[in-house]
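Have a look at the structure below before the remarks.
The values are calculated or read from the model by the stated rules, or taken from the named source; none is laboratory data. Quick caveat, the model's predicted, so the values are computed rather than measured. Neighbour counts are summed over all protein chains in view; Cβ atoms, including those assigned to glycine, are modelled from backbone coordinates with ideal geometry.
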Amino acid sequence: MSHSILITGGAGFIGSHVVREFVTKYPDYTIVNLDLLTYAGNLANLTDIENHANYHFVKGDIMDEALIERLFHKYKFTGVVHLAAESHVDRSIKDPLAFLNTNILGTVTLLNAAKKHWDGNFEGKRFYHVSTDEVYGSLGAEGLFLETTSYDPQSPYSASKASSDHFVRAYGNTYGLPFVITNCSNNYGPNQFPEKLLPLFIHNIQEQKTLPVYGDGKYTRDWLYVIDHAKAIDAVYHKGANAETYNIGGFNEWQNIELIKLMCTIMDNKLGRSKGSSEELITYVTDRPGHDRRYAIDASKIKTELGWEPSVTFEQGLELTIGWYLNNEEWLKNVTSGDYLAYYDSQYNN
Ligand code: NAD
Ligand code: DAU
């Protein structure tokens, strides 16, 4: 059977790496990237593959039923890899409804289209929902998130993602829709919008602006290089068992403040600044409301069952990432205007 895959959110951070992975690795697949190009979507992320014969871009909303209908009709999708979402926790605290709409209604709109077009003929079909470890809530000092950990979302963002995961499972259970879900930890790497910790702080260090550390800075995240996430999605799409969940993580926990100090050291070195000068930019600011203390993934299921594990060490990944932002000032300049400036002012100056 020939593969025709709808990838949603393919102009965003992770989505663009997933689109590149599929378009270049599978030249005989048809890959359709549906993206609304919100503030977080950027076609400049995909210029290297935009002319490939197996790649098609469609600007549109995952909540637009008629458009999704037309696309299913035209491309006869055998699979959906669903990444489109509102993805930033701080924005979800300011505007929860936007997250409910895109992350829940958008997901259900796609599920309805898949259900309608596949119409019980599920052989060779797959709805792949890309989710987050934040659905599991917050860990104490010990323990790891397992696929069996109970859901306990704490922010409007994670509540919307948890709800969308439940809808995907409900469509599998009720209508037999073939699906797979992955819950991944924090990604870092090229093309991430500079509202998230790593690109924001790289940008601020470069510009010698303050580094706003939330609370005591002792919050912990498990970091994964984005291209390793894209490779995990490829592995799960092709080899994952139906109706299963796989956790994806970097086996790589860092307290924010330790990570920030490491970034300062690497950047002082790269920018020829005196040792310790960027650390002086660190400023403790009011904490994020409801801030989850610690996330950490047990990724042994995907490792044992599908043979995936991170290929890039954190040292290599940070080096590649910081190098990429320093070499792509134009990309950064283009995204740090307009909506970004208004957001930055309201998040950090008020
Ligand atoms: P992102 O914010 O960088 O990109 C989201 C993309 O979705 C953008 O291109 C945007 O234009 C598009 N989009 C938003 N609303 C849309 C709509 N209504 N219709 C069509 N397109 C729309 O997000 P990201 O960080 O790349 O995350 C991608 C997915 O991975 C999300 O589902 C997120 O929950 C999940 N995830 C992210 C991380 C992370 O660390 N960034 C970790 C685990 C899971
Ligand atoms: O765990 C996966 C999740 O990781 C994804 O589902 C989300 O889409 C993604 O945004 C990310 O969520 P986080 O909230 O963990 O990422 P963020 O980069 O916003 O923050 C990382 C940590 O750094 C967190 O503890 C908050 C802190 N932080 C963040 C910013 C933006 C600061 O201290 N200061 C800041 O200015």
When residues of segment 62-101 are limited to those that are basic (Lys, Arg) and farther than 30 Å from Leu197 by Cα, the one surrounded by the most Cβ atoms within 10 Å (Cβ to Cβ): Arg70
Determine whether segment 154-162 contains at least one residue that is in a loop (DSSP other than H, G, I, E, B) and surrounded by fewer than 23 Cβ atoms within 10 Å (Cβ to Cβ). yes
Note on segment 2-48: residues within 7 Å of ligand 1 (Cβ to nearest atom), outside any loop (DSSP other than H, G, I, E, B) and either among the β-branched types (Val, Ile, Thr) or at positive phi (or both) are Thr8, Ile14
Given the criteria surrounded by 18 or more Cβ atoms within 10 Å (Cβ to Cβ), farther than 25 Å from Gly15 by Cα and in contact (Cβ under 8 Å) with a residue 24 or more places away in the chain, does Leu111 qualify? no
If you take just the strands (runs of 3 or more DSSP E) that sit entirely in segment 176-241, which of them hold at least 1 residues that are within 15 Å of ligand 2 (Cβ to nearest atom) and among the charged types (D, E, K, R)? 220-225
Does Tyr171 meet the test of being assigned to a strand (DSSP E or B) and hydroxyl-bearing (Ser, Thr, Tyr)? no
With respect to the numbered conditions (1) within 16 Å of ligand 1 (Cβ to nearest atom); (2) more than 14 Å from the chain's Cα centre (by Cα); (3) closer than 25 Å to Phe22 by Cα, which one is the sole condition not fulfilled by Ala230? (2)
Residue that is farthest from Gly276 (Cα to Cα) [pool: residues in segment 242-260 that are part of a loop (DSSP other than H, G, I, E, B) and within 14 Å of ligand 1 (Cβ to nearest atom)]: Gly249
Is one or more of the residues making up segment 74-82 within 18 Å of the chain's Cα centre (by Cα), farther than 24 Å from Val236 by Cβ, modelled with pLDDT of 95 or more and β-branched (Val, Ile, Thr)? no
Here are some conditions: (1) touching a His at 6+ places or on another chain (Cβ under 9 Å); (2) hydrophobic (A, V, I, L, M, F, W, C); (3) more than 16 Å from ligand 2 (Cβ to nearest atom). Ile68 meets all but one. Which one does it not meet? (1)
In segment 276-298, is there at least one residue being within 30 Å of Lys125 (Cβ to Cβ), touching a residue at least 40 places away in the same chain (Cβ under 8 Å) and out of contact with any Gly (no Cβ under 7 Å at 6 or more places or on another chain)? yes
Given the condition within 22 Å of the chain's Cα centre (by Cα), away from ligand 1 (no atom under 15 Å from the Cβ) and among the aliphatic types (A, V, I, L, M), answer yes or no: does some residue in segment 51-64 qualify? no
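Tell me yes or no: at least one residue of segment 249-256 is surrounded by fewer than 16 Cβ atoms within 10 Å (Cβ to Cβ) and either of a type outside the set (Asp, Glu) or over 25 Å from the mean Cα position of the chain (by Cα) (or both). Before the answer, list the steps.
Our first condition is that a residue be surrounded by fewer than 16 Cβ atoms within 10 Å (Cβ to Cβ); within segment 249-256, this holds for 255.
Checking which are either of a type outside the set (Asp, Glu) or over 25 Å from the mean Cα position of the chain (by Cα) (or both) leaves us with 255.
For segment 249-256, residues surrounded by fewer than 16 Cβ atoms within 10 Å (Cβ to Cβ) and either of a type outside the set (Asp, Glu) or over 25 Å from the mean Cα position of the chain (by Cα) (or both): present.
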